[in-house]
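Heads up, the thing below is written out as structure tokens.
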Amino acid sequence: MINIYQLITSIYLGGSENVAFQLAEYCKKNNPGNFRFTVIELYKTRNKYAEDKKKGLADKKIHALTLFKGSKRLSLIFAPIKLAYILWKNKPDIVHSHTDLPDLVLASTMRILTLFNIKKPAIARTIHSTQLWSTHPKLAKYTESAYHNDRVVSVSQGALKAHKDLRSVNNLTISSYQEVIYNGCRIPKRLAHPFSIDNDKINIAFCGRFEVYKGIDTLIWVIKELNELYPDSFVFHITGNGSYLDSILKLSKENHNVYVYDSVPNISDKLYAFDFIFMPSHFEGLPLVSIESSFAKVPVIASFAPGLDETLPEKWPLRFKLENENELLKIFERIKNS
């Protein structure tokens, strides 16, 4: 039996995390006697979604471990020590790392194993973004220099190019084992949902992290603009969490047509409830929400963003440039008048 560790940032609603979960769940379901999966998070996320997800993984005989129960920043220091101990003790066959922070922790762990002359497992990494370490170039070099000819899978052509560029900028050789594998996703079902849908209005959803790179600033701006231009025409459903949570909650209190939800499990099965999905991202890897929305027959209002543009037709009429506010408002005007 092949023992595989999936290393993720934390158990929360995110694209890279969902890829790790789905990969483990699929392999366990279709090859139950061949694989043993453990999902390892750097630090603990304390919310209902995380607890429910851990219970769901346990029901499918997928173990979940937490390396550090304190803050995100401290986990980058202490998590490598615990991970090194776990690898020495349990000797997994493969460690599969998802995104930059797990790559950083695993890089430190590999150096610890080298220091103590401990055999290392095979390493696989998945690159989930088209923007890599843009604000921390020294950490980028520290992280990437720990990997030599490892197996690297990118979720999009944009992510593949970003990783090759990162290696080149730091004068590091590019692995011979690089390929693009587009994330698969199942056809969504139509399950009961928790959303306050107003059938007399146009229901717009935002699903994702409340961060600038996801376009949360654009979301806040456009809601305020549309409520002035077209009062009582739209309802906004904002699902997720992140550093802009307080701003989103404030927006909801000030606007009766803005609803905020914590992370919703199996949200792909509930996207059918909305009229449109809004994705004003600055960059992506390959966002599953866009693909799942298309399967659910819900149109996506999307920015021109690396990674995101690989999920939609080239001449998709609901795309806009982030710097062109009038272009975005005209899309909503067409939607209102259609």
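Looking for something closer than 20 Å to Ile40 by Cβ, without any contact (Cβ under 8 Å) to a residue 60 or more places away in the chain and of a type in the set (Val, Ile, Thr) - is there at least one such residue anywhere in region 122-136?
Yes, the conditions are met somewhere in region 122-136.
Only one residue in Thr45, Thr38 is buried (at least 18 other Cβ atoms within 10 Å of the Cβ) and modelled with pLDDT of 90 or more. Which one?
Criteria check complete, one pass: Thr38.
Considering only region 48-73, state which residues are surrounded by 14 or more Cβ atoms within 10 Å (Cβ to Cβ), touching a Pro at 6+ places or on another chain (Cβ under 9 Å) and either under 16 Å from Val264 (Cβ atoms) or not hydrophobic (A, V, I, L, M, F, W, C) (or both).
Tyr49, Asp52, Lys53, Gly56
Is it the case that some residue within region 154-174 is in a loop (DSSP other than H, G, I, E, B), of a type in the set (Gly, Ala, Ser), out of contact with any Leu (no Cβ under 7 Å at 6 or more places or on another chain) and assigned by TED's automatic domain parsing to the domain that holds Ala84?
No: zero hits.
Residues Ile248, Ile335, Ile331, Ile277: which one is in a strand (DSSP E or B), in contact with a strand residue (DSSP E or B) (Cβ under 7 Å, 6 or more places away or on another chain) and farther than 25 Å from Leu132 by Cα?
Ile277
Can you work out which of the residues in region 141-161 that are free of Cβ contacts under 8 Å to residues at least 40 places away in the same chain and hydrophobic (A, V, I, L, M, F, W, C) is farthest from Leu106 (Cα to Cα)?
The selected residue is Leu160.
When residues of region 272-295 are filtered for being surrounded by fewer than 23 Cβ atoms within 10 Å (Cβ to Cβ), within 18 Å of Asn199 (Cα to Cα) and of a type in the set (A, V, I, L, M), how many remain?
Summing the residues that are surrounded by fewer than 23 Cβ atoms within 10 Å (Cβ to Cβ), within 18 Å of Asn199 (Cα to Cα) and of a type in the set (A, V, I, L, M) in region 272-295 gives 1.
Could you identify the single residue in Asn31, Asn18 that is at pLDDT below 90 and either among the β-branched types (Val, Ile, Thr) or closer than 25 Å to Glu211 by Cα (or both)?
Asn18
Would you confirm, using the coordinates I've provided, whether Lys55 is assigned to a helix (DSSP H, G or I), modelled with pLDDT under 90 and not assigned by TED's automatic domain parsing to the domain that holds Pro287?
Answer is no for this residue.
Does Ser233 satisfy being farther than 24 Å from Thr45 by Cα and without any contact (Cβ under 8 Å) to a residue 24 or more places away in the chain?
No.
Select from region 285-338 the residues that are under 17 Å from Gly215 (Cβ atoms), small (Gly, Ala, Ser) and in contact with a helix residue (DSSP H, G or I) (Cβ under 6 Å, 6 or more places away or on another chain) and list them in ascending order.
Hits for region 285-338 are Gly285, Ser290, Ser293, Ala302, Gly307.
Among Pro306, Pro313, which is the only one that is over 22 Å from Lys201 (Cα atoms) and in contact (Cβ under 8 Å) with a residue 60 or more places away in the chain?
Pro306
Given the conditions (1) buried (at least 19 other Cβ atoms within 10 Å of the Cβ); (2) part of a loop (DSSP other than H, G, I, E, B); (3) hydroxyl-bearing (Ser, Thr, Tyr), and given that Ser243 satisfies all but one, which numbered condition is not satisfied?
Tallying (1) buried (at least 19 other Cβ atoms within 10 Å of the Cβ); (2) part of a loop (DSSP other than H, G, I, E, B); (3) hydroxyl-bearing (Ser, Thr, Tyr), Ser243 fails exactly one: (1).
When you scan region 309-338, how many residues do you find that are loosely packed, with under 14 Cβ neighbours inside 10 Å and either touching a Cys at 6+ places or on another chain (Cβ under 6 Å) or of a type in the set (Val, Ile, Thr) (or both)?
Total meeting the criteria: 0.
Can you tell me which residue within region 74-103, out of those that are more than 25 Å from the chain's Cα centre (by Cα) and part of a helix (DSSP H, G or I), is surrounded by the fewest Cβ atoms within 10 Å (Cβ to Cβ)?
Within region 74-103, the match that is surrounded by the fewest Cβ atoms within 10 Å (Cβ to Cβ) is Lys89.
Being in the same structural domain as Leu42 (by TED's automatic domain parsing), of a type outside the set (Ser, Thr, Tyr) and over 17 Å from Ile77 (Cα atoms), is that true of even one residue in region 98-110?
Within region 98-110, one or more residues are in the same structural domain as Leu42 (by TED's automatic domain parsing), of a type outside the set (Ser, Thr, Tyr) and over 17 Å from Ile77 (Cα atoms).
Can you run down the residue pairs with Cβ atoms below 6 Å, 6 or more apart or on separate chains, where the first is in region 26-48 and part of a helix (DSSP H, G or I) and the partner is surrounded by fewer than 19 Cβ atoms within 10 Å (Cβ to Cβ)?
Hits for this filter: Lys28/Lys60.
With Arg151, Arg190, Arg186 as the choices, which residue is among the charged types (D, E, K, R), surrounded by 14 or more Cβ atoms within 10 Å (Cβ to Cβ) and touching a Phe, Trp or Tyr at 6+ places or on another chain (Cβ under 9 Å)?
Result: Arg151 is the single residue among Arg151, Arg190, Arg186 that is among the charged types (D, E, K, R), surrounded by 14 or more Cβ atoms within 10 Å (Cβ to Cβ) and touching a Phe, Trp or Tyr at 6+ places or on another chain (Cβ under 9 Å).
The values are calculated or read from the model by the stated rules, or taken from the named source; none is laboratory data. Please read all numbers here as calculations on a predicted model, not as lab measurements. Using ideal geometry, Cβ is built from the backbone for each residue, glycine included, and neighbour counts are taken over all protein chains shown.
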